[in-house]
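Here the structure is laid out as structure tokens; the discussion comes afterwards.
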Amino acid sequence: IDLGGSDRYQGTQPGIQGGAVVGGSILVDVGGDDVYSARDIAQGSALVGVGMLVDSAGNDRYVGFRRVQGQALGGVGLLIDREGKDDYRAALWGQGFAGPWGFAAVADAAGDDHYYVGGQFYDSYPETPGYDGWGQGVGAGVRGVTNGGIGVLLEGAGDDEYEFDYFAHGGGYWLGMGFARDFGGNDQRLAATRSAYNGSARSQQRFQRFGNGWGCHYAVGFLIDDSGDDSYDGTIMGIGFGWDLSAGFLLELGGNDQYLATVGGVQGQGAQASLGILYDFAGEDFYKGTSQGYASGSITYHPYPTCGGNFSFVIDYGGTDQYGCRARNNSVSRRGSFGGFIVDRPKKEELEAMQASVEKGAGGGIPASR
């Protein structure tokens, strides 16, 4: 327990700074602008045990290589930061990442914070460029071997910025579950990291796969943002996306928001017999590209109709919105071959205003569904 002062915690051995290896460990820092630097199993991380780091105040910096900042494999790993403008940086498996038999969480109550995971290890897909990330509220198993854990990221008030590479930010992989929630502020989800982990230029083109509320291989992922004017970027397979009997959800509960990923499998899509939902409540929102709520007619992983189909939904409630696919406001549009829909509906007060306008002979009304 450290009761005050701006401290620096630095080490290279595993099991430090609230990191546990077959045991228990806790570090509590009450105040000050602190720096935490470590390599592996640190900063609220557990390998068969319980590890916890609690920082009560100050503008803090957390730097770790892998299995750091709220990570667990066979145990519980927690990082709790109560206030301050904080910076989190990890290369792999961090910031609320849970492997098999694990529960992991990073919880930051307040401040304009910055999160970075990725930028070091090349991804495992030869057909696309980029780096692996595996963090920011992700639960993942080992495919074909063992089920995943439960990973959580909770972020309170503040204008936050999230950088992440493949398999990150509110996702589940192989019977795992991930959950990311931001409770307030104007936030940016940049998707692919802007620089390499060591701060140098990236050797890989910026490309992101599986991010912003996704599930892959019998898994489920949630991303929830309560308020603020937010932006969501990516490349493929994200922003409310499910793949292979999975479900991915992005729930945006307020603000004028932008959804910027355009390549494919993004913005409320399910594929290979999965469910993808993008739900936006209120605000003047912008949906870039033409992918919104599109349901592909192809299923190759499982026999149809036993598996049910592909189910894709964009549901926008309230506000005047812009859709790249040219969907109309206050209407229902069918998208693709299976169960794909864009459902755009006015809020109660908007509907009442439209009805009053019709009664006064000002024209319009709600366009018929199509």
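What follows draws every value from the coordinates through simple rules; no lab data is involved. If you're wondering where the values come from, they're calculated on a predicted model, not measured in any experiment. Cβ atoms come from the backbone with ideal geometry, glycine included; neighbour counts cover every protein chain shown.
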Between GLY130 and residues 5 or more places away or on another chain, the pairs with built amide H atoms under 5 Å apart involve ASP123, GLN205
Roughly speaking, what is the stretch gain from SER298 to HIS114, that is 0.36 nm per residue apart minus the C-alpha to C-alpha distance, in nm to one decimal? 62.4 nm
Share of antiparallel DSSP beta bridges in the range 85-359, in percent to the nearest 5? 5 percent
With Cα coordinates, the longest principal axis of the chain makes an angle with the long axis of helix 348-359, in degrees rounded to 10, of 20 degrees
Each label sits 7 Å from Cα toward the beta-carbon; between ASN198 and GLU127 the label points are separated, in nm, by 3.2 nm
Enumerate the calculated ³J(HN,Hα) couplings along the range 115-121 in order (Karplus 6.51 cos²θ - 1.76 cosθ + 1.60, θ = phi - 60°), each rounded to whole Hz, writing x wherever the residue is Gly or Pro. 10, 9, 9, x, x, 10, 9
Give me the distance between the Cα centres of the range 110-155 and the range 192-262, rounded to whole Å. 11 Å
Net charge near ASP233: determine it from the other residues with C-beta under 13 Å of the C-beta of ASP233, scoring Lys and Arg +1 and Asp and Glu -1. -1
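Ranked highest first by average number of other Cβ atoms within 10 Å, how do 254-265, 316-327, 44-55 line up?
On the way: 254-265: 20.4, 316-327: 17.9, 44-55: 26.3.
Top of the packing list down: 44-55, 254-265, 316-327.
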So if I place +1 on the C-beta of Lys and Arg and -1 on the C-beta of Asp and Glu, and nothing else carries charge, what would the dipole magnitude of the range 85-359 be about its Cα centre? I want it in debye, nearest 20. 1220 debye
Stretchable slack from ASP159 to CYS307, in nm (0.36 nm times residue separation minus alpha-carbon distance): 49.2 nm
Please list, in order along the range 211-223, the HN-Hα scalar couplings obtained from phi with the Karplus expression 6.51 cos²θ - 1.76 cosθ + 1.60 (θ = phi - 60°), rounded to whole Hz, x for Gly and Pro. x, 6, x, 8, x, 9, 6, 6, 9, 9, x, 10, 10
Using θ = phi - 60° and the Karplus curve 6.51 cos²θ - 1.76 cosθ + 1.60, what whole-Hz ³J(HN,Hα) does each residue of the range 75-89 get, with Gly and Pro shown as x? x, 10, x, 9, 10, 10, 10, 8, 6, x, 8, 10, 10, 10, 9
Select from GLN120, GLN69, GLN95 the residue whose mean-square fluctuation is largest in a Gaussian network model of the chain (Cα-Cα springs shorter than 10 Å). GLN120
Mean separation of Cα contacts under 8 Å, 6 or more apart, over the residue count of the range 85-359: relative contact order %: 12 percent
If the cut-off is a Cα-Cα distance under 24 Å, which lysines reach LYS288, setting aside same-chain residues fewer than 8 apart in sequence? LYS347
